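Novice: Shown below is the structure under consideration.
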Amino acid sequence: MELGPPGGSGPAEPGPRLRGLRGADAAASASSLSRFGAEAGCRASAVAAVLPAGGSGERMGVPTPKQFCPILERPLISYTLQALERVSWIKDIIVAVTRENMETMKGIIQRYQHKRISLVEAGVTRHRSIFNGLKALAEDQPNCRLSKPEVVIIHDAVRPFVEEDVLLKVVTAAQEHGASGAIRPLVSTVISPSADSCLDHSLERARYRASEMPQAFLFDVIYDAYQQCSDYDLEFGTECLHLALKYSHIKAKLVEGSPDLWKVTYKRDLYAAESIIKERISQKVCVVMDTKEDEEHVGHCLEEMLKTELNHVKVTSGQDLQQIILEQCYNFVCVNVMTSDFEETQRLLNMVEESNLSILYPVVVISVHFLDYESVPLGQKMEKVMQIREFAKEAKKRNILLSGLLIYFPQVENNRGLEEQKLRESLRQGTTIISALIKERNSGLIGQLLVA
Ligand SMILES: Nc1ccn([C@@H]2O[C@H](COP(=O)(O)OP(=O)(O)OP(=O)(O)O)[C@@H](O)[C@H]2O)c(=O)n1
Ligand SMILES: O=C(CO)[C@H](O)[C@H](O)COP(=O)(O)O
C-alpha cells in the first residue's frame with residue numbers, strides 16, 4: 001500500500017462555501033458546517049473521503065481508463081478531486097488507483113495542485129478498491145499514517161459534479177443513522193427477464209430509486225461490514241449501503257441527489273460532462289475597457305449588446321481586474337479603440353497568468369479592435385495585428401485561449417445615419433462571434449483574427 005503526502009491546507013478553489021443552498025437548508029447546513037469546522041481543531045479528521053479510481057472503464061470503449069480521460073484537456077478525476085477538496089471540512093481524500101496508474105495519478109495531483117490526497121493501491125473490483133481505501137484510515141492497520149475519521153464519504157472518481165450541499169446531507173444523515181446515500185428517480189422501468197429472454201416480471205417504477213453516490217457512513221459501521229463480508233460480496237457486489245445493512249444491520253437514510261450526480265460510464269457521458277463544464281465557466285464575462293476612452297465609447301455599446309446576447313451572463317467592466325480574476329471569471333473581452341497594439345491585452349494576459357487562474361480551466365481572452373478599416377486600409381494595420389498569432393501561441397502554453405476580433409468603427413462624418421447602421425451591424429456580428437468563442441472554447445480558433 002502506498003500512502004501519498006499527508007494533508008495540505010486550503011481548498012483548490014476559493015469561493016463561497018454554501019453555493020447552491022437556499023433558505024432553511026442553507027441555515028441548517030451553515031450550522032452543521034460550523035460544527036465540523038469548529039470541531040476540526042480538536043477532533044482532526046472528523047470526515048474523510050474514499051474515492052475508488054481503479055477501474056478500467058470497459059463500457060467507455062477507449063484504451064484510457066475513463067477517470068483519466070481528458071475533458072477540456074484535464075483528466076476527469078481532477079474535476080472530482082476539485083469538487084471534494086473545495087469542501088474544507090473533508091480532511092483527507094484517499095484515492096485508490098492501480099499500480100500501473102500510480103505515476104499518472106501523482107502527475108495529476110502535482111500538475112493541478114490537488115491537496116489533502118493520499119494514494120492507495122486499487123483492488124481488482126470496486127469493493128476491493130474501497131476496502132483498501134478504508135484500511136488506509138483504520139487504526140488497526142500497520143503503518144497507518146492518517147487518523148480514523150468519525151464519518152467516511154465514499155464517492156466514485158467518475159462523478160465529477162458532486163456539490164457541497166449533498167455531501168453535507170449524506171454526512172449529517174450518516175451521523176444520525178449510521179449510513180446514508182444519494183438517490184435519484186428511475187428513468188426506465190426495471191424488469192426481470194427469464195432464462196429464455198422473455199419478461200418474467202417488472203417492478204413498479206415509482207416504488208424504486210436508483211442508488212447513486214456520494215454515500216457516507218460512520219467509519220466503524222462500513223469498516224466492520226467490509227471486514228465481515230464474503231469473497232462473493234467483494235467480487236460481485238455493487239452496493240456499499242447493502243453491505244452496511246447485511247453486516248452491520250444499519251438501514252441507510254436515503255437523500256435526494258441532483259441530476260448531475262450521474263456516473264460517467266459511456267463515451268457520450270464525456271461529451272455531456274464537457275458541455276456542463278463549458279456552460280458553468282461561460283457564465284461570467286469581464287469586458288476590459290480601453291482606459292483611454294470616455295464613458296460613451298463603443299466599448300459600452302458592445303457591453304450592452306453582450307448583455308442581450310449572452311442571456312443571464314454577468315458582464316463586468318474591468319476596473320478591478322484582480323478582484324474579478326479572484327472571483328473566477330474565465331472569460332475576458334479586451335476592448336481596444338483605434339489601436340492595433342496589444343498593450344492592454346498583454347497586461348491582461350500577464351495578470352491572468354500570474355493568478356494561476358488557467359491551471360484548472362482554459363481561460364478565453366478576446367482582443368477586440370475597433371478600427372476604421374474602410375478609410376484606413378487594413379494592410380497598414382495588419383502587420384501589427386497579426387502579431388496575435390505569436391501572442392496566442394505563447395498564451396496557449398498557459399491554457400489561455402487568445403483570439404482577435406476586428407470590428408468596423410467608422411470615423412468619417414459624411415453619412416452619419418448609414419455609418420451608424422454599419423457600426424450596429426458590425427457590433428451585432430462581433431457579439432455573435434464573442435458569444436461563440438466563449439461558449440465553444442474551440443482551441444482551433446486561437447490566434448485567429450476574426451472580422452465582424
Ligand atoms: N477494480 C475497480 C473497479 C472500479 N473502480 C472504480 O469504481 C468507480 C465506479 O465503477 P465503474 O463505473 O463500474 O468503473 P469501471 O469499472 O472503470 O467501468 P466499467 O464497468 O465500464 O469497466 C470508478 O471510479 C472506478 O474507477 C475501482 O476503484 N476499482
Ligand atoms: O451506484 C453505485 C452505488 O450504488 C455505484 O457507483 C455502482 O453500483 C458501481 O457499480 P459498478 O462498478 O458495477 O458500475
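Novice: Only residues that are more than 25 Å from LEU167 (Cα to Cα) and not in a loop (DSSP other than H, G, I, E, B): list them for the range 272-292, please.
Specialist: Listed by number, the residues that qualify are LYS284, VAL285, CYS286, VAL287, VAL288.
Novice: Additional query: Which of the numbered conditions does ALA40 fail, given that it passes all the others? Conditions: (1) away from ligand 2 (no atom under 16 Å from the Cβ); (2) aliphatic (A, V, I, L, M); (3) at pLDDT 95 or above.
Specialist: Going through (1) away from ligand 2 (no atom under 16 Å from the Cβ); (2) aliphatic (A, V, I, L, M); (3) at pLDDT 95 or above one by one, ALA40 breaks only (3).
Novice: Are there any pairs, at least 6 apart or on different chains, whose C-beta atoms fall under 7 Å, with the first in the range 245-270 and farther than 21 Å from LEU72 by Cβ and polar (S, T, N, Q) and the second open to solvent by 50 Å² or more (accessible area, probe 1.4 Å) and modelled with pLDDT of 95 or more, and if so, which?
Specialist: Listed pairs, sorted by first residue: SER248/ASP224.
Novice: Would it be correct to say that ILE438 is open to solvent by 10 Å² or more (accessible area, probe 1.4 Å) and at pLDDT 95 or above? So that I can check it myself, show each step before the final result.
Specialist: Numbers: open to solvent by 10 Å² or more (accessible area, probe 1.4 Å): no; at pLDDT 95 or above: yes.
Answer is no for this residue.
Novice: Could you tell me how many of the residues in the range 84-125 are within 16 Å of ligand 2 (Cβ to nearest atom) and surrounded by fewer than 20 Cβ atoms within 10 Å (Cβ to Cβ)? Step through it out loud before you land on a result.
Specialist: Let us first name the residues in the range 84-125 that are within 16 Å of ligand 2 (Cβ to nearest atom), namely 84, 95-98, 122-125.
Imposing the further condition that a residue be surrounded by fewer than 20 Cβ atoms within 10 Å (Cβ to Cβ) reduces the set to 98, 123-125.
Selection size over the range 84-125: 4.
Novice: If you don't mind, another one. Do you know which residues across the range 333-358 are within 16 Å of ILE388 (Cα to Cα) and assigned to a helix (DSSP H, G or I)?
Specialist: If the condition is that a residue be within 16 Å of ILE388 (Cα to Cα) and assigned to a helix (DSSP H, G or I), then GLU343, GLU344, THR345, GLN346, ARG347, LEU348, LEU349, ASN350 are the ones that fit.
Novice: If a residue has to be under 21 Å from ILE281 (Cα atoms), aromatic (Phe, Trp, Tyr) and buried (at least 23 other Cβ atoms within 10 Å of the Cβ) to count, how many in the range 328-379 make the cut?
Specialist: Total meeting the criteria: 2.
Novice: One residue is enough: does the range 393-410 have a residue meeting the conditions outside any strand (DSSP E or B) and within 21 Å of LEU302 (Cβ to Cβ)?
Specialist: The initial filter retains those residues of the range 393-410 that are outside any strand (DSSP E or B), namely 393-399, 409-410.
Filter again for within 21 Å of LEU302 (Cβ to Cβ), leaving 409-410.
Yes, because at least one residue in the range 393-410 is outside any strand (DSSP E or B) and within 21 Å of LEU302 (Cβ to Cβ).
Rundown of residues vs (1) over 31 Å from the mean Cα position of the chain (by Cα); (2) of a type in the set (A, V, I, L, M); (3) within 16 Å of ligand 1 (Cβ to nearest atom); (4) within 30 Å of SER435 (Cβ to Cβ), yes/no style:
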residue: ASP196; (1), (2), (3), (4): yes, no, no, no
residue: MET213; (1), (2), (3), (4): no, yes, yes, no
residue: GLY257; (1), (2), (3), (4): no, no, yes, no
residue: LYS284; (1), (2), (3), (4): no, no, no, yes
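Novice: What tally of residues in the range 231-260 results from selecting those that are within 15 Å of ILE130 (Cβ to Cβ), open to solvent by 90 Å² or more (accessible area, probe 1.4 Å) and in a loop (DSSP other than H, G, I, E, B)?
Specialist: Going through the range 231-260 one residue at a time, the tally reaches 1.
Novice: Scan the range 364-383 for residues that are in a strand (DSSP E or B) and among the aliphatic types (A, V, I, L, M) and report the count.
Specialist: Narrowing the range 364-383 to residues in a strand (DSSP E or B): 364-371.
This time we only want the ones that are among the aliphatic types (A, V, I, L, M), so: 364-366, 368, 371.
Total meeting the criteria: 5.
Novice: Also: Strands (runs of 3 or more DSSP E) wholly in the range 146-229 with at least 2 residues that are more than 22 Å from VAL264 (Cα to Cα) and open to solvent by less than 40 Å² (accessible area, probe 1.4 Å) - which ones? Don't jump to the end; show me each part of the working.
Specialist: Numbers: elements: 151-154, 179-185, 191-193, 199-202, 209-218.
Fully inside the range 146-229 and qualifying: 151-154.
Novice: Looking at the range 341-358 only, could you name the residues that are modelled with pLDDT under 90 and more than 14 Å from ALA395 (Cβ to Cβ)?
Specialist: Hits for the range 341-358 are ASP341, GLU343, GLU344.
Novice: Quick one: is GLY181 in contact (Cβ under 8 Å) with a residue 24 or more places away in the chain, within 12 Å of ligand 1 (Cβ to nearest atom) and small (Gly, Ala, Ser)?
Specialist: Working: in contact (Cβ under 8 Å) with a residue 24 or more places away in the chain: yes; within 12 Å of ligand 1 (Cβ to nearest atom): no; small (Gly, Ala, Ser): yes.
No, not satisfied.
Novice: On the given criteria, is TYR361 touching a Phe, Trp or Tyr at 6+ places or on another chain (Cβ under 7 Å), at pLDDT below 80 and not in a strand (DSSP E or B)? So that I can check it myself, show each step before the final result.
Specialist: Values: touching a Phe, Trp or Tyr at 6+ places or on another chain (Cβ under 7 Å): yes; at pLDDT below 80: no; not in a strand (DSSP E or B): yes.
Considered against the rule, which asks whether it is touching a Phe, Trp or Tyr at 6+ places or on another chain (Cβ under 7 Å), at pLDDT below 80 and not in a strand (DSSP E or B), TYR361 comes out as no.
Novice: Can you spot a residue in the range 105-118 that is within 16 Å of ligand 1 (Cβ to nearest atom) and under 19 Å from ALA179 (Cα atoms)?
Specialist: Taking every residue of the range 105-118 in turn, none turns out to be within 16 Å of ligand 1 (Cβ to nearest atom) and under 19 Å from ALA179 (Cα atoms).
Novice: Right, here's the next one. List the number of the failed condition for GLY133; all other conditions in (1) surrounded by 19 or more Cβ atoms within 10 Å (Cβ to Cβ); (2) within 11 Å of ligand 1 (Cβ to nearest atom); (3) outside any helix (DSSP H, G or I) hold.
Specialist: All conditions pass for GLY133, except number (3).
Novice: Please list, ordered by first then second residue, the pairs with beta carbon atoms under 6 Å, 6 or more apart or interchain, first in the range 126-142 and without any contact (Cβ under 8 Å) to a residue 24 or more places away in the chain, second open to solvent by 60 Å² or more (accessible area, probe 1.4 Å).
Specialist: Going by the 6 Å Cβ cut-off, the qualifying pairs are GLU139/LYS148.
Novice: Follow-up. Condition test on ALA138, is it modelled with pLDDT of 95 or more and away from ligand 1 (no atom under 16 Å from the Cβ)?
Specialist: Yes.
Novice: So how many residues does the range 261-282 have that are under 26 Å from THR125 (Cβ atoms) and open to solvent by 30 Å² or more (accessible area, probe 1.4 Å)?
Specialist: Taking the range 261-282 as the starting set, the residues that turn out to be under 26 Å from THR125 (Cβ atoms) are 261-270, 273.
The next check asks that each one be open to solvent by 30 Å² or more (accessible area, probe 1.4 Å); those that pass are 262-263, 266-268.
Residues flagged as under 26 Å from THR125 (Cβ atoms) and open to solvent by 30 Å² or more (accessible area, probe 1.4 Å) within the range 261-282 amount to 5.
The values are calculated or read from the model by the stated rules, or taken from the named source; none is laboratory data. What you see is a predicted model; the values in this text were computed from it and never measured. Virtual Cβ from ideal backbone geometry, glycine too; neighbours counted across all protein chains shown. Just the protein is used for accessible areas: all its heavy atoms, side chains included, with ligands, DNA and RNA removed. Shrake-Rupley method; radii C 1.70, N 1.55, O 1.52, S 1.80 Å.
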